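Take a look at the structure set out below.
The values are calculated or read from the model by the stated rules, or taken from the named source; none is laboratory data. None of the values given here were measured: they were computed from a predicted structure. Please note: Cβ atoms are built from the backbone with ideal geometry, for glycine as well, and neighbour counts cover all protein chains shown.
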Amino acid sequence: MNRPLLCLAGLGLAIVYPLAVPNYFVNIGMLVLFTAFIGQSWNLAGGFAGQTSFGHVVFFGTGAYTSTILQVTYGWNPWLAWPVAMIAGAAVGWMIAVLSFRAGLRGSYFALITLAFAEVFRILANSVSFTRGGLGMLIKADQRPLNFQFKDPIWVYYLALALCVVSILIAWQLTRSRFGARLIAVRENEDAARALGIDVFAEKVKVLTLSGAMCAAGGTFYAQKYLYIDPNIAFGVDKSVEMLLVSMVGGAGTTFGPLIGSLALTAINEVTRSLASVVPALKNVQPLSLVVYGIMLVLIVARLPDGLMGMFRRRPHHA
Amino acid sequence: MLEVRDLSKSFGGLKAVDHATFDVRQGEIVGLIGPNGAGKTTLFAAIAGFHKPEAGRVTFEGRDITGLAPHKICGAGMVRTFQITQPFAKISVRENIMVGAYFHTADWRVAAREAEAVARAVGMEGQLDQRGADLTVAGRKRLELARALATHPRLLLLDEVMAGLNPTEILDIVEVIKRIRETGITILLIEHVMQAVTSLAGRVYVLNQGRMIAEGTPAAIAEDPQVIEAYLGHGAAGALRA
C-alpha cells in the first residue's frame, strides 16, 4: 500500500466529489469532513495523549458563542472573530487541564470532570444575559464570503475540507515529532514517561490547549453554517459523544481514525434513516442510527480496540 | 557523584527507609542489596523523585536534588529503571527507545538513529519492530535499560534488572551492564540476589528494614555476620560458623 499516493487520490476524490453530486450529498460530505475535524480535535487529547474527555463540546460551544457574540453583539467581522474564538477555546482547554491535572485527575475521573465542565457551561449559557439564555443567538443572514456565509454549499464543503486536511496534517505531524511521541508515552505509562524526563503535566496541558483551540474553530464554523446556536446545540452532550465516537470507531490515536470513523458513522446514519422510512417496523425506533452506533461501539471495543484503522494496519508483531 | 544523607521515607507508621546514607562515586558500579521488603525500591524512588522523602538530602554532582520532580532529575543526568517493567505497550521497541532519545533531541531522524544505536548496545537490534507488550521478561528488562540509556544519563539507577531472568539471560545482561560502564556511565544497581551483584559491583551496600547495615566489597559483605543474619535469620551467622 502506497500511503502518500492513496492520500493524494483521496484528496483528489474529495475535491471532485461536490462537483459531481447534488447539493444534498454535498452537505453530507461537508458534515463528514466537519465531524472528522472536530473528531480529530478530540483525538489529539483522547487518542494520542490518552486523556479521554466526555465533555469536549465545552470547547466547541466556547468557540461558537465567542465568535457569535463578537459578531452579533459587538458587530465584529466573523473572520476576525474566528481566531479570537480559537484563543477562547485554547484558554478554556488550558484552564480545565491545569485544574484537573493539578488535582491529579486521571482516566475516568478526568472524563467525568470534562463532562461536568460542559454541563456547567451549558447551564451558564442558559442563564446569563450576554448569551441571550435559552432563546439562543441568531446570526443575521447576509450571504457574502466576506461575511463567512456562502450562497453555494460547495464553498462550505471546501472550507470543511480545508479544516479536515489541516487537522490530519497536525495529527500526522504528531506521529513524527517529539511532542507526539511524548503524548503517546504519557498515554501508555505516565510513570515511565516521567522517569524518562517528560514533564507529564506540561504535555497534558499543552495538548488540551491545542485541542481546545481546534475544537473551538469547529464551533465557529458550525455557527456560521447554521446561523443559529443555543445552549443545547453549543454545549449539548451529543456533540461530545459524536467526537468521541468517530475517533473510537475509526481508531483513536491514529491519523486517519476520525475521518474513517466519520465516514462510517455518516454512512450508517444515512442508511438507517432511509431504512426507517421504508421499513414500517422500524418507524418507531427513533433515531435508529443511535441504536446502530451503540451496537457498533460495543463491537469495536470488544473486537477492534484499535478501531477500523486497526484492520488496515499491519501488525508488526506478527511479522 | 551521588551523595545520599540520612534519607527517610515512611508510609503511615512503617519506616520504609530510615536514615539511609551512602555514596556513589564517578565510574563505579555500586550494588544495593537487601532481603525482600528491605526498602530498596522505596529508597530508589525517593532518590529519583517518585517519592518525596520526609528527611535527608540527595546531592547529585554537587547539586541538591532532594524532592525534585522525576523529569527534572532525569534532566540533571540521573535516570532510573523499574523493577516491575513499564514498557510503552502499544508502540514498538524503536518508538519506546525514541521517547528516551527525544530527551536530548527534537529531531525524529536523530532520535530514530539513536534508538537503533542503543538497541544494538543492549542486544535488541533484532526486536526494534516488536511491540512493547509482546516482549518476554528478558526483553522488557533490556528495554527498560535501553530507554534509560537513550536519555544519555551519567548515572543509571537499575532496579532489579536481573530478577526473573534465567541464568543464561543473567550472564547476557551482566555483559551488557559491563559494556555500559565502559562507556563512562556510573551505575547504582539494586539486586535481591547477591550472586548477581558480586560479578559486577565494586562496592556493595546492604539495606535491611530501611537501615543501611553494612558496606564493603562483595567478598567482605558475604562474610559479614549482620548481613548473613538479615538474609537467613537471627542466629544464622553463628550456626554457619559452627
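So is A:I69 hydrophobic (A, V, I, L, M, F, W, C), on the phi < 0 side of the Ramachandran plot and surrounded by fewer than 24 Cβ atoms within 10 Å (Cβ to Cβ) or not? Yes: the conditions hold for A:I69. Can you name the number of the only condition in (1) surrounded by fewer than 23 Cβ atoms within 10 Å (Cβ to Cβ); (2) in contact with a Lys or Arg (Cβ under 7 Å, 6 or more places away or on another chain) that A:F235 fails? All conditions are met except number (1).
Only one of the numbered conditions (1) assigned to a helix (DSSP H, G or I); (2) modelled with pLDDT of 90 or more; (3) more than 14 Å from chain A (Cβ to nearest Cβ) is not met by B:L143, and that is (3). A single member of A:F37, A:F54 is in a helix (DSSP H, G or I), within 18 Å of the chain's Cα centre (by Cα) and at negative phi, and it is A:F37. State yes or no: is B:A117 assigned to a helix (DSSP H, G or I) and more than 22 Å from A:D191 (Cα to Cα)? Yes, satisfied. Could you please find all residues in segment A:302-319 being touching a helix residue (DSSP H, G or I) at 6+ places or on another chain (Cβ under 8 Å) and at pLDDT 80 or above? Residues satisfying the conditions are A:L304, A:G307, A:L308, A:M309.
Mind listing just one residue for me: the one in segment A:167-195 that is of a type outside the set (D, E, K, R) and free of Cβ contacts under 8 Å to residues at least 12 places away in the same chain and, of those, surrounded by the most Cβ atoms within 10 Å (Cβ to Cβ)? My answer is A:A195. Kindly list the number of the only condition in (1) among the small types (G, A, S); (2) within 30 Å of A:L8 (Cβ to Cβ); (3) more than 14 Å from every other protein chain (Cβ to nearest Cβ) that fails for A:G236. Of everything listed in (1) among the small types (G, A, S); (2) within 30 Å of A:L8 (Cβ to Cβ); (3) more than 14 Å from every other protein chain (Cβ to nearest Cβ), A:G236 misses just condition (2). The single condition among (1) loosely packed, with under 15 Cβ neighbours inside 10 Å; (2) hydrophobic (A, V, I, L, M, F, W, C); (3) touching a residue at least 40 places away in the same chain (Cβ under 8 Å) that A:L308 does not satisfy is (1).
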